[in-house]
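Below is one structure, written out as structure tokens; the observations come after it.
The values are calculated or read from the model by the stated rules, or taken from the named source; none is laboratory data. Small disclaimer: the values here were computed from a predicted structure and weren't measured. A quick note on method: Cβ atoms are made from the backbone with ideal geometry, for glycine too, and the neighbour counts reach across all protein chains shown.
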Amino acid sequence: MGGGAVHDVYNVPKGGAGQVVLLGAPNVGKSSIVGALTAAKVDIAEFPFSTHAAVPGMAHHEDVPVQLVDMPPVMDGHAQGGMINALRRADVLLIIIDLTAIEIVDQYEQAMKLLADHQMKPVSSADPQSEHDEMEERDLDAIEATALPKRAILVANKLDAPGAKENYDTFLELVSTDLRMRAISATSGEGLKEMLADLFELLNVIRVYAKKPGKPADKESPFTLPVGSTVFDMALHVHKDVAENLKTARIWGGTVHDGQQVTGAHVLTDKNTVELHV
Ligand SMILES: Nc1nc2c(ncn2[C@@H]2O[C@H](COP(=O)(O)OP(=O)(O)O)[C@@H](O)[C@H]2O)c(=O)[nH]1
Ligand SMILES: [Mg+2]
């Protein structure tokens, strides 16, 4: 490599339960949303292009950390190459439109065009099977056959502004979309909690708490694992030696009897507390 390696300003290492990348025209409030929900130092300005690189921050849905990544704007349906890679790597996209903008439909269409131009198809289901079915369907259409299903939410920001609610209704009349939608205000905070709950759902993960024998569960920092993970998967997450030597486990919470003994093959559910026995 030598000394010439270029630092990719859009490539953010993933953190938390999953990576959510924001996408939208200038001034729609991308930086304001990341600023409202995380401790990240974002640049918020009334003029466009205040954001030059990817800026990550950690938001929380309840006790689950969710990584939000602020991005430079999409202009006329175009973005720089590095940004496209960041969108493809993202677990979920937040497509932002501005309820005070005259060109709100344009903002939506340009985001859609950008994704389509780069073989991404936004979907609002966390279910990999439905994404798969969608792929099969589109195999019939050679042009779209390679499109990558990309989980996404369409977020209409600035709901607090005068006329915003009417503009939202008008948008819904003009645009028919299968995407999940959420109207929010980065300024007043309205809808932000619900948006994070949407994101948690789309990330398709569960949180589980580790517990040592004779000690209370560690409720401070849950593990997040893909939906469908087993006790063995969790053990692997803790340490490969723990997984190799795993004998049984006890589980609290969720659909099991408290303290129920299970094997490594047991499928965990959200908010389980797990005591691994090696
Ligand atoms: N009224 C209102 N203004 C907002 C809201 N979110 C952002 N803004 C304003 O919109 C402008 C652009 O915001 P910014 O976050 O920099 O947008 P970005 O270019 O998409 O990152 C700034 O003047 C913000 O104060 C909101 O929810 N309500
Ligand atoms: Mg910005």
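For the range 29-87, enumerate the residues that are within 11 Å of ligand 2 (Cβ to nearest atom), closer than 24 Å to residue 120 by Cβ and in a helix (DSSP H, G or I). Within the range 29-87, 30, 31, 33, 34 qualify. Within the set 45, 40, 17, 86, the sole residue that is within 16 Å of ligand 1 (Cβ to nearest atom) and touching a helix residue (DSSP H, G or I) at 6+ places or on another chain (Cβ under 7 Å) turns out to be 40.
Residues in the range 161-181: is at least one surrounded by 13 or more Cβ atoms within 10 Å (Cβ to Cβ) and over 19 Å from residue 107 (Cα atoms)? Scanning the range 161-181 turns up no residue that is surrounded by 13 or more Cβ atoms within 10 Å (Cβ to Cβ) and over 19 Å from residue 107 (Cα atoms). Residues that are surrounded by 13 or more Cβ atoms within 10 Å (Cβ to Cβ), of a type in the set (Phe, Trp, Tyr) and more than 28 Å from residue 31 (Cα to Cα): does the range 196-210 have at least one? Yes, the conditions are met somewhere in the range 196-210.
Residues that are in a strand (DSSP E or B) and crowded, with 17+ Cβ neighbours inside 10 Å: does the range 225-233 have at least one? Yes, the range 225-233 contains a residue that is in a strand (DSSP E or B) and crowded, with 17+ Cβ neighbours inside 10 Å.
So, in the range 8-28, how many residues would count as being within 14 Å of ligand 2 (Cβ to nearest atom) and basic (Lys, Arg)? Residues that pass the stated criteria total 0.
Within the range 4-43, being touching a residue at least 60 places away in the same chain (Cβ under 8 Å), among the β-branched types (Val, Ile, Thr) and more than 15 Å from residue 98 (Cβ to Cβ) holds for 9, 12, 20, 21.
Quick grid of which residues meet (1) crowded, with 20+ Cβ neighbours inside 10 Å; (2) modelled with pLDDT of 95 or more; (3) in contact with an Asp or Glu (Cβ under 8 Å, 6 or more places away or on another chain):
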{"position": "58", "(1), (2), (3)": "no, yes, no"}
{"position": "75", "(1), (2), (3)": "no, no, no"}
{"position": "94", "(1), (2), (3)": "yes, yes, no"}
{"position": "99", "(1), (2), (3)": "yes, yes, no"}
{"position": "104", "(1), (2), (3)": "yes, yes, yes"}
{"position": "126", "(1), (2), (3)": "no, no, yes"}
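Only a single criterion out of (1) within 16 Å of ligand 1 (Cβ to nearest atom); (2) over 24 Å from residue 58 (Cβ atoms); (3) touching a helix residue (DSSP H, G or I) at 6+ places or on another chain (Cβ under 8 Å) is not satisfied by residue 174, namely (1).
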